[in-house]
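Written below as structure tokens is the structure these notes are about.
The values are calculated or read from the model by the stated rules, or taken from the named source; none is laboratory data. All of these numbers come straight from a predicted model, not from anything done at the bench. Neighbour counts are summed over all protein chains in view; Cβ atoms, including those assigned to glycine, are modelled from backbone coordinates with ideal geometry. Just the protein is used for accessible areas: all its heavy atoms, side chains included, with ligands, DNA and RNA removed. Shrake-Rupley method; radii C 1.70, N 1.55, O 1.52, S 1.80 Å.
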Amino acid sequence: MLNSNSLLQIQDAHEENFWPSFSDVMMVILMTFLLVTVSVLLSNTRLLQDLRSNIAAKDQARQVAATTLKENATLEEQLDYYRQQLNSTETELLRSQALAEQTQASLRSTQSELKQAKSLATTQASTLAARATQLSSLQQNLNAATTTTERLQTELKETKAAQEAETTQLRNALQQAQTDLTQTKADNAEQASTLTSLRLQIEENRKELASLEGEYSQLDEKYQKLLKPSRSAKGKTVVEVMYTRNGYSLRKPGDASYQTVSSSELNTALSDLKLNHGNNLYVKIVIPSNSGLSYNQAWAFTRDTLAKYDYYYQEDNSVTAPAEEE
């Protein structure tokens, strides 16, 4: 960061560089204006002197010629001479007019250049005024920056002091925390040992409880089966399902013969019967001796079908029904 002395030195350097340049520009403009003015005056003066000399010489020559002609020439010669003199005078007059027009053109050109110089001077003055305004703005910004720098330096000192105090406090707290952590680790090690012993004991108790619950469930299941009446088709709506390797056959209540159905049709029909008859539906599974099925296939089909549709297994929830195929 720049301190206030450096900023003031920079400001003085800017002012020293600005005002000499402004003086130089104004001096160049003034010198240009003076040179143009002097050049125009000298040119006009020289033209006027030449014109006056020509007029005086012409008058003198005219007088000499007139005297000579009066003395030596006849009237005709005098007339011719006057004619020639008139032509010569007209020619000189035209030349003088052309010279005057050229002088006026030069004067107009000089006036135009003078206007351009004045316009340039005005533009330069506006630019210098704008630069002066900009310099004033920079001075204000510089003063504001100086004030801000001093304030920031003060705040930085205060922040450093607060950080040093906070660092000391944190170091003390860290030492205390390290001491507490060492003590806590020792306590945790002792508690972990005790917790491990308790977990082992709880696990053993859980295993013993699970064994007792299993034995109780088996005894309760056997007891419930002893109390529950056996499965019977008496008073029930009987539907017969025949299963072979070739497929499924179904005989609904009231039908005289079996009807060959697919797996989805079988499930749909049994679902409709279950919906209509509920816990009064008795499902009879028929597995012919020549079905071509293995024991596991026949048992799995029987178990799953009864668990899903038969009244006995709907009342007895000990048999879990498999999920229906979509």
Of the candidates LEU135, LEU174, the one satisfying the condition of being in contact (Cβ under 8 Å) with a residue 60 or more places away in the chain and hydrophobic (A, V, I, L, M, F, W, C) is LEU135
For the stretch 261-290, which positions are within 12 Å of SER249 (Cα to Cα) and assigned to a loop (DSSP other than H, G, I, E, B)? SER262, ILE287, PRO288
Among (1) at pLDDT 80 or above; (2) open to solvent by 90 Å² or more (accessible area, probe 1.4 Å), where does GLU76 come up short? (1)
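If I filter the stretch 216-235 down to residues being in a helix (DSSP H, G or I) and open to solvent by less than 100 Å² (accessible area, probe 1.4 Å), which single residue comes out as modelled with the lowest pLDDT?
Within the stretch 216-235, the subset in a helix (DSSP H, G or I) is 216-227.
This time we only want the ones that are open to solvent by less than 100 Å² (accessible area, probe 1.4 Å), so: 217, 220-221, 224.
Details: SER217: 71, ASP220: 63, GLU221: 63, GLN224: 58.
In this case the residue turns out to be GLN224.
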Per the list (1) assigned to a strand (DSSP E or B); (2) farther than 20 Å from SER230 by Cβ; (3) open to solvent by 50 Å² or more (accessible area, probe 1.4 Å), residue check on SER249 breaks on (3)
Apart from one, (1) closer than 19 Å to GLU113 by Cβ; (2) modelled with pLDDT of 85 or more all hold for ARG52; the odd one out is (1)
Could you tell me which of the residues GLU150, GLU166 is acidic (Asp, Glu) and open to solvent by 100 Å² or more (accessible area, probe 1.4 Å)? GLU166
